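Data first, discussion second: the structure below is written as structure tokens.
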Amino acid sequence: MKRKILIVDDEQAIADLVEVYLTNEGMDVLKCYNGKEALDCIRQEDLSLAILDVMLPDIDGYKLCQEIRKDHFYPVIMLTARTEDTDKILGLTIGADDYITKPFNPLELVARVKTQLRRYERYNPMALPADETLAAPDSCIDIRGLSIDKDSHKCSLNGRPLALTPREFSILWYLCANKGRVISSEELFEQVWGEKFLDNNNTVMAHIGRIREKMKDSGRKPKYIKTVWGVGYQIE
């Protein structure tokens, strides 16, 4: 079974262009030109990844992303003409996994789609197409009631399930797997995102804040993810 990708963009030419490139990579593509169509597709289709334009005529991409995160963990890439850092941080905070601005190189978008799918399927083997296999990871970590299972892509805190996005799961898993060691923002970003870290990048901080919020863990007196100022983050 092929990976099924949803493209939501009110500019048909852009959606058609992305479809050509993704189809050439062996993926099935579904296209929607407004938010209402996209919501129906999200609720009815078994998707592998969604590419959401922020500016739509009815329901914006941020709201669509929030709807996806109510029930699904597959990657979401925001596609927009907005370049402000606040817009990017908003998208990442509500559950998006990546952010690419228009105009863009279609080959770059394809590369990012592949990266997100690879990461998601690595940490969630059940997301792999039926005709592919993946060696089962042998790691399950429990730290003072925080349980994280790399195989099932499940995480819970004192028995309460944590609804983490694939990116959030990857961050928390990396911190747990390196328990006791202080991990810099640069290392976290390059390990989880697979890209070069820039000094003014606040993406890691935004994701850590979101994880803490879901864990109901205070940033000032955290029980789990501690900030080592000027150095990075640590789970003791």
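The residue that is farthest from V18 (Cα to Cα), among those in the stretch 105-119 that are surrounded by 15 or more Cβ atoms within 10 Å (Cβ to Cβ) and of a type in the set (A, V, I, L, M, F, W, C), is L117.
G35: buried (at least 20 other Cβ atoms within 10 Å of the Cβ), in contact with a Leu (Cβ under 8 Å, 6 or more places away or on another chain) and closer than 18 Å to L109 by Cα, yes or no? Considered against the rule, which asks whether it is buried (at least 20 other Cβ atoms within 10 Å of the Cβ), in contact with a Leu (Cβ under 8 Å, 6 or more places away or on another chain) and closer than 18 Å to L109 by Cα, G35 comes out as no. Checking the stated criteria, I51 turns out to be of a type outside the set (G, A, S), surrounded by 23 or more Cβ atoms within 10 Å (Cβ to Cβ) and in contact (Cβ under 8 Å) with a residue 24 or more places away in the chain.
Contact map, the stretch 219-234: first residue touching a residue at least 40 places away in the same chain (Cβ under 8 Å), second residue of a type in the set (S, T, Y) and in a loop (DSSP other than H, G, I, E, B), Cβ cut-off under 8 Å, separation 6 or more or different chains; pairs are V231/S184; G232/S184.
Hey, any hits in the stretch 63-72 for a residue that's open to solvent by 80 Å² or more (accessible area, probe 1.4 Å), modelled with pLDDT under 90, touching a Lys or Arg at 6+ places or on another chain (Cβ under 9 Å) and outside any strand (DSSP E or B)? Scanning the stretch 63-72 turns up at least one residue that is open to solvent by 80 Å² or more (accessible area, probe 1.4 Å), modelled with pLDDT under 90, touching a Lys or Arg at 6+ places or on another chain (Cβ under 9 Å) and outside any strand (DSSP E or B).
Which residue is least open to solvent (accessible area, probe 1.4 Å), if the candidates are limited to the stretch 1-28 and must be closer than 19 Å to D46 by Cβ and assigned to a loop (DSSP other than H, G, I, E, B)? Among those that are closer than 19 Å to D46 by Cβ and assigned to a loop (DSSP other than H, G, I, E, B), it is M27.
The values are calculated or read from the model by the stated rules, or taken from the named source; none is laboratory data. In this text the structure is predicted, and so the values were computed from the model without any measurement. Don't worry about glycine lacking a Cβ; one is built from the backbone with ideal geometry, like all the others, and counts go over all protein chains shown. What goes into the accessible areas is simple: the full protein's heavy atoms, side chains included, and nothing from ligands, DNA or RNA. Shrake-Rupley method; radii C 1.70, N 1.55, O 1.52, S 1.80 Å.
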